[in-house]
Amino acid sequence: MTLPDLRGSTAIVGVAESDLGEVGPDRYAIELAAQAAGAALAEAGLTTRDVDGLFCAIAGRGMAPLDVAEYLGIRPRYTDGTMVGGSSFISHLHHAALAITTGACDVALITYGSTARSDSGRGRLAMGPPELPSYEAAYRPRPPITGYALATARHMHQYGTTRTHLAEVAVAARKWAALNPKAFVRDPLTIEDVLAARMVSSPLTTLDCCLVTDGGGAVVVTGADRARDLPKPPVYLLGAGEAHWHRAISQMPDLTVTAATESSVRAYTMAGVGPQDVDVVQLYDAFTINTILFLEDLGFCAKGEGGDFVSGGRIAPGGDLPVNTNGGGLSYCHPGMYGIFPLIEATRQIRGEAGDRQRPGVTIALAHGNGGQLSSQVTAVLGGGDSL
Amino acid sequence: MTGPAPHREYTDRLTAGSLPYQSCDGCLSAVFPPRVICPFCGATDLGWRESAGLGTVYSTSVIAPRDADPYPVVLVDLDERFRIMSTVVDVPAGDVRIGMRVRAGIDPGGPTGPRVVFTPEERETAS
Ligand SMILES: [Zn+2]
């Protein structure tokens, strides 16, 4: 049996954020997920009554799909609660396309919410204990930053990547955020600011780390034929790929090479495109090293050349390759997990709705999610009507 | 009937003063952390070995808490070809370098019980 041909067979028809930033102690993650869901469905010209496929993951909630379905009054005939950290939502998009294409559901709702910022005052929300005893905890790494710091140190050692290269990533994200009214931090940032910031887990400083905000997001997906009858121009899923090789950072075979090398090839192969065809990139920048590693592993430059690649403003506004045009997890929002927001921004760039940060003539956008500690990698290639 | 309890076996051997790891009878790979099945070939015949304790720092990060001394978190590649997270003691945190040769010892007073820690090997080799 062969898999159905997913290329162009489904499309994103609605996207929305919930309230972002800091929502205060009286609001709950599920409310933000539901608020985003309502807005995304409204944009799609649909209601909760139309949804028969539900996809969601919320940190610390093992039965998140049951919570969300009850709250929204949805009785899905297809449910997927895949939880692979921040990459879950792009994984959900892939799974939704498979489900729609095989007839398991017609309208898929992917939704997420978190009050990570407001939770910090009421006791830290943990991801839940691992099932097995940890062979790392005795050394008091600061999860997840130390895992990324170890990868950064190794990348510097092998390839001569510098803290200035990392700072270029943070500065580019901030320049994009300055163009996005919804971004949490928009004031100017310099290379020197990043270099002078407090070291948290060397070689990463506070300004190499993503934000901690509240927020939610939702994405509505349906079959391509139905999508063409809905209000928004369809944003087609052209290709998707998933891969993961480890969970604990001490089990990652080579800290400079992520499973995005596999997920991206799967996505490009399905889409029939390559990195040279991509107009904008939205990737999960939990830390500045992510952007460098993923631009390498997604094929935009050779392994080890990511630091030079991001230099000179190449990924900033006005650069050759717009990356994280919303400001990313570094400057726009990062509510616990960021992975639904690359899909939202990629969709808006293809529709031409990105305001001051719009790249003209976007046909192909890449969205890439990361979960765990460089563990789960999921890539999606999206395209407008011209891409079919 | 009781089955294998690899974590208990590991902690018992660690408490007795060695750095234990497993070796697969099927593919001869070193296996760590302890398991009931080989992650390289799927064989279930895993035997216990004692590491000689010599290894090389693969990566390092210094954590600087606001209210305590900085400490390094390292990944060490043991010469028997397995990798563990650990720390390096008896040296300033910032002096730990990728490629540094290190030797394992047991710290009986770790935050979660006995733990393996490393000290710089005196005859340090260039990496
Ligand atoms: Zn084996």
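Coordinate-derived values only; no laboratory data. Note that this is a predicted model, so its numbers are computed, not measured. With ideal geometry, Cβ positions are generated from the backbone for all residues, glycine too; neighbour counts draw on all protein chains shown.
Please list 3J(HN,Hα) in residue order for segment A:293-303, calculated via the Karplus relation 6.51 cos²θ - 1.76 cosθ + 1.60 where θ = phi - 60°; whole Hz, with x for glycine and proline.
With coefficients 6.51, -1.76 and 1.60, one gets 4, 6, 4, 5, 6, 8, x, 7, 7, 6, 4 Hz.
Suppose R0 equals 25 Å. What FRET efficiency, 1/(1 + (r/R0)^6) with r the Cβ-Cβ distance, do B:Leu28 and B:Asp90 give to the nearest 0.05?
The pair B:Leu28/B:Asp90 has a calculated efficiency of 0.15.
Please identify, among B:Ala30, B:Ala64, B:Ala93, the residue showing maximal mean-square fluctuation in a Gaussian network model of chain B using a 10 angstrom Cα cutoff.
B:Ala64
If I fit a long axis through the Cα atoms of helix A:163-177 and take the longest principal axis of the Cα atoms of chain A, what angle between them do I get, 0 to 90°, rounded to 10?
The angle comes out at about 40 degrees.
Short version: ³J(HN,Hα) in whole Hz for each residue of segment A:63-69, in order, from phi by Karplus 6.51 cos²θ - 1.76 cosθ + 1.60 (θ = phi - 60°), x for Gly and Pro, what are they?
Each residue of segment A:63-69 in turn: 10, 3, x, 5, 4, 5, 5 Hz.
Got a sec to turn the phi values of segment A:180-191 into Karplus ³J(HN,Hα) couplings, 6.51 cos²θ - 1.76 cosθ + 1.60 with θ = phi - 60°, whole Hz, x for Gly and Pro?
10, x, 8, 6, 6, 10, 10, 6, x, 9, 10, 4
If you place +1 on the Cβ of every Lys and Arg, -1 on the Cβ of every Asp and Glu, and leave all else neutral, what size is the dipole of segment B:54-120 about its Cα centre, to the nearest 20 Debye? Show your work: numbers first, answer last.
Values: 7 positive and 8 negative charges, 33 e Å.
Value, rounded to 20: 160 debye.
So the label point goes 7 Å from the Cα of A:Asp356 along Cα→C-beta, right? Which residues of segment A:307-348 then have their backbone N under 14 Å from it?
A:317-318, A:326-327, by backbone N distance to the label point.
In degrees from 0 to 90, rounded to the nearest 10, what is the angle of the helix A:88-101 Cα long axis to the longest principal axis of chain A?
30
Suppose we keep just the DSSP beta bridges with both residues in chain A; what percent of those would be antiparallel, to 5?
Of the beta bridges lying entirely in chain A, close to 75 percent run antiparallel.
On the first, second and third principal axes, largest extent first, how far apart are the outermost C-alpha atoms of segment B:6-50 in Å?
29, 15, 13
Assuming a ≥ b ≥ c are the square roots of the Cα gyration tensor eigenvalues, decide whether segment B:54-120 counts as rounded (a/c under 1.5), prolate (otherwise, with a/b larger than b/c) or oblate.
Taking the square roots of the gyration eigenvalues as a ≥ b ≥ c, segment B:54-120 is oblate.
Kindly express, to the nearest 10 degrees and within the range 0 to 90, the angle between helix B:6-15's C-alpha long axis and the longest C-alpha principal axis of chain B.
With both axes taken from Cα atoms, the answer is about 50 degrees.
According to the square roots a ≥ b ≥ c of the eigenvalues of the Cα gyration tensor, what is the shape class of segment A:211-272, taking rounded for a/c under 1.5, prolate for a/b larger than b/c otherwise, and oblate for the remainder?
In terms of gyration-tensor shape, oblate.
Computed FRET efficiency, Cβ-Cβ of B:Cys41 and A:Thr206, R0 45 Å: what is it to the nearest 0.05?
So the FRET efficiency works out to roughly 0.55.
Let me test this: with uniform point scatterers at the alpha carbons of the protein assembly as shown, what is the Debye-based log₁₀ I(q)/I(0) at q = 0.09 1/Å?
Rounded to two decimals, the profile gives -0.65.
Taking the alpha-carbon centroid of each part, what is the distance from segment B:28-102 to segment A:313-336 in angstrom?
35
Tell me which residues come under 5 Å, amide H to amide H, from A:Thr205 once H is placed; ignore anything under 5 positions away on its chain.
A:Val200
Using modelled backbone amide H atoms (1.01 Å from N, in-plane), which distant-in-sequence or interchain residues come within less than 5 Å of A:Leu54's amide H?
A:Tyr78, A:Thr79, A:Asp80, A:Leu109
Is the shape of segment A:273-388 best called rounded, prolate or oblate, per the rule: a/c under 1.5 gives rounded, else a/b larger than b/c gives prolate, else oblate, with a ≥ b ≥ c the square roots of the Cα gyration tensor eigenvalues?
Since a/c stays below 1.5, the shape of segment A:273-388 is classed as rounded.
What relative contact order, as a whole-number percentage, does chain A give when Cα pairs under 8 Å and 6 or more residues apart are counted?
26
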